[in-house]
Amino acid sequence: MSFDYDLFVIGGGSGGVRAARVAAAEGVKVALAEEDRYGGTCVIRGCVPKKLMVFASEYAGMVEDAQAYGWDIQPGAFDWDAFKGKLHAELDRLEGIYRNLLKNSGVESFDQRAKMVDAHTVELSDGTQKTAKHILLAMGGRPVWPDLPGAELGISSNEIFHLEKLPESILIVGGGYIASEFAGIMNGLGVKTTQFYRGAQILRGFDDEARGLVAEEMQQRGVDIHCGTNVLEMRKEGDKIWVKATNGEERLFDQVMFATGRAPNTDNMGLAEIGVQLGRKGEVIVDDYGQTGVPSVFAVGDVTDRVNLTPVAIREGMAFVETVFKGNPTPVDHELIPTAIFTQPEMGTVGLSEEEAAEQEPIEVYATSFKPMQQAFAGRAERVLMKLIVSKATRKVLGCHIVAPGAGEMIQLAGIAVKMGATKEDFDRTVAVHPTMSEELVTMKAPVRSL
Ligand code: NDP
């Protein structure tokens, strides 16, 4: 049977674009459909604009620190319009790069929605049908709103990059990556920021001591965090949003942002109809090779709701090409993935939290918390944390947790050692780089706890 293409990719985000490009480089005939902007969540409405906003929000504090270091400079006002203009010009530039990468690698792109018709056929929104030997689902995910009266008055992280003007006050609902990162961003930009989280402590799932320090430092910097609190009801009151909380409080905010989780983009895609199995959240169920129960259909990235991170989607896309087009079946290794949460302060983490490791085996905990030199000199009270979780039996470092400025950069490097199976003694054999914060990772002599 002959097909229009060897591969049809649905979704032009990190995973889909990488798979399409790498496959095309192997001489495979590839097409890709994207209904929105190329680059996907990470480039257009996630990691990239978020990180640029983190940078923007950190400058007020830097000016104060510079004064403490003897500079005669005064903080000015933040110009949201000027920043927003530059931000969107940068996103346009990046989207152009993504489009060109596809074009230059010979991938045929359709700026349309595509849905499945059968195991080898997709239908585009203009009604044309295309056939392919293999189909890769890479549609990503989208924010979900809680079901409560007035929720439609709130925005999600998709809209925050397009605000007409910065609000004077904002309520951020949720305690995950997105909520906690935007709480820091808004606070840094001078917006009076409140965060409601329904659980006992934000950043559930991360090391308790590390997330406790992040929460404490965020509060020190001015984020008004209310744990054990959720929104009951919202309504418009003049140009503000009235919010009734589960703790009985009623307050007015200029803006409410929900960061209450994300759902895979699998609605109305014809997937269940052709026999592709979907999970409870609508995620595409795949095996270790990204293959669905329909042999010609594979999936990568957030649409599979495994580890929802861009570098993981990219790995999955490349493993798919190895498996299907290079005759080299390659499962994706989801173990020991380093990650950073761009809260203020930043948190970098790889491996098991103290709580997870202690459930699994006897461990030693090495940790130190201190005032870093640069900030202490500037008169800031902020503290950082360096923490290693060590197996008593094998001496391997099972987890590394860093809360500090630049923790994302640090954990990338510590992640190599942990991934290689380094022991505590390997860390100890490494000479410290002085004076740095991360030198503490190789100089902690005695465990603070043995569990
Ligand atoms: P998360 O799933 O991490 O967090 C969702 C938060 O919303 C949780 O605190 C959850 O509470 C809360 N929540 C869920 N439903 C409700 C509800 N009905 N009412 C109130 N609160 C609710 O999702 P995010 O949207 O923050 O992030 C999605 C994913 O994107 C992350 O898991 C991560 O993989 C990725 N990401 C990565 C980043 C990075 O690498 N720096 C940055 C941003 C996102 P509870 O804990 O009780 O369930």
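The values are calculated or read from the model by the stated rules, or taken from the named source; none is laboratory data. From a predicted model like this one, the values you see are computed outputs, not experimental measurements. Cβ sites come from the backbone with ideal geometry, for glycine too, and all protein chains shown count toward neighbours.
Descriptive notes on the structure:
- Those residues of region 231-261 which are within 16 Å of the ligand (Cβ to nearest atom), of a type outside the set (A, V, I, L, M, F, W, C) and either within 21 Å of Ile185 (Cα to Cα) or in a strand (DSSP E or B) (or both), in sequence order: Glu233, Lys244, Thr260, Gly261
- When region 143-165 is limited to residues that are part of a loop (DSSP other than H, G, I, E, B), more than 7 Å from the ligand (Cβ to nearest atom) and within 23 Å of the chain's Cα centre (by Cα), the one that is surrounded by the fewest Cβ atoms within 10 Å (Cβ to Cβ) turns out to be His162.
- When Gly127, Gly96 are checked against the criterion of being part of a loop (DSSP other than H, G, I, E, B) and not aliphatic (A, V, I, L, M), Gly127 stands alone in meeting it.
- Where helices (runs of 4 or more DSSP H) fall wholly inside region 292-399, the ranges with 1 or more residues that are β-branched (Val, Ile, Thr) and in contact with an Asp or Glu (Cβ under 8 Å, 6 or more places away or on another chain) are 310-325.
- Residue among Ala82, Ala77, Ala119, Ala132 that is more than 28 Å from the chain's Cα centre (by Cα), more than 30 Å from Met1 (Cβ to Cβ) and among the small types (Gly, Ala, Ser): Ala77
- Subset of region 212-230 that is surrounded by fewer than 20 Cβ atoms within 10 Å (Cβ to Cβ), in a helix (DSSP H, G or I) and free of Cβ contacts under 8 Å to residues at least 60 places away in the same chain - its residue that is nearest to the ligand (Cβ to nearest atom): Gly212
- Residue check for Ala66: buried (at least 19 other Cβ atoms within 10 Å of the Cβ) and modelled with pLDDT of 95 or more: no
- In region 200-211, the residues that are at negative phi and in contact (Cβ under 8 Å) with a residue 40 or more places away in the chain form Cβ pairs under 7 Å with partners that are within 10 Å of the ligand (Cβ to nearest atom) and among the β-branched types (Val, Ile, Thr), at six or more places apart or across chains, as follows: Arg211/Ile202.
- Only residues that are more than 16 Å from the ligand (Cβ to nearest atom) and among the basic types (Lys, Arg) were counted in region 307-354, giving 1.
- For Pro264, the stated conditions hold: it is within 16 Å of the ligand (Cβ to nearest atom) and more than 30 Å from Asn187 (Cβ to Cβ).
- Condition check for Ala19: closer than 29 Å to Glu181 by Cβ, surrounded by 20 or more Cβ atoms within 10 Å (Cβ to Cβ), in contact with a Phe, Trp or Tyr (Cβ under 7 Å, 6 or more places away or on another chain) and of a type in the set (A, V, I, L, M): yes
- Candidates Thr368, Thr394, Thr339 - the one that is within 20 Å of Gly176 (Cα to Cα) and not aliphatic (A, V, I, L, M): Thr339
- In region 433-442, residue surrounded by the most Cβ atoms within 10 Å (Cβ to Cβ) [restricted to those that are within 31 Å of the chain's Cα centre (by Cα) and assigned to a loop (DSSP other than H, G, I, E, B)]: Met437
- Enumeration of residues in region 166-192 that are farther than 18 Å from Glu250 by Cβ, among the polar types (S, T, N, Q) and more than 16 Å from the ligand (Cβ to nearest atom): Asn187
- Qualifying position, being in contact (Cβ under 8 Å) with a residue 60 or more places away in the chain, surrounded by 14 or more Cβ atoms within 10 Å (Cβ to Cβ), in contact with a Lys or Arg (Cβ under 6 Å, 6 or more places away or on another chain) and not aromatic (Phe, Trp, Tyr), among Lys424, Lys419: Lys424
- Gly327 passes every criterion in (1) more than 21 Å from the chain's Cα centre (by Cα); (2) in contact (Cβ under 8 Å) with a residue 12 or more places away in the chain apart from (2).
- Residue match in region 268-277 (condition: farther than 30 Å from Lys115 by Cα, more than 12 Å from the ligand (Cβ to nearest atom) and surrounded by fewer than 17 Cβ atoms within 10 Å (Cβ to Cβ)): no
- Enumeration of residues in region 99-124 that are β-branched (Val, Ile, Thr) and either part of a helix (DSSP H, G or I) or within 18 Å of Asp36 (Cβ to Cβ) (or both): Val107, Val122
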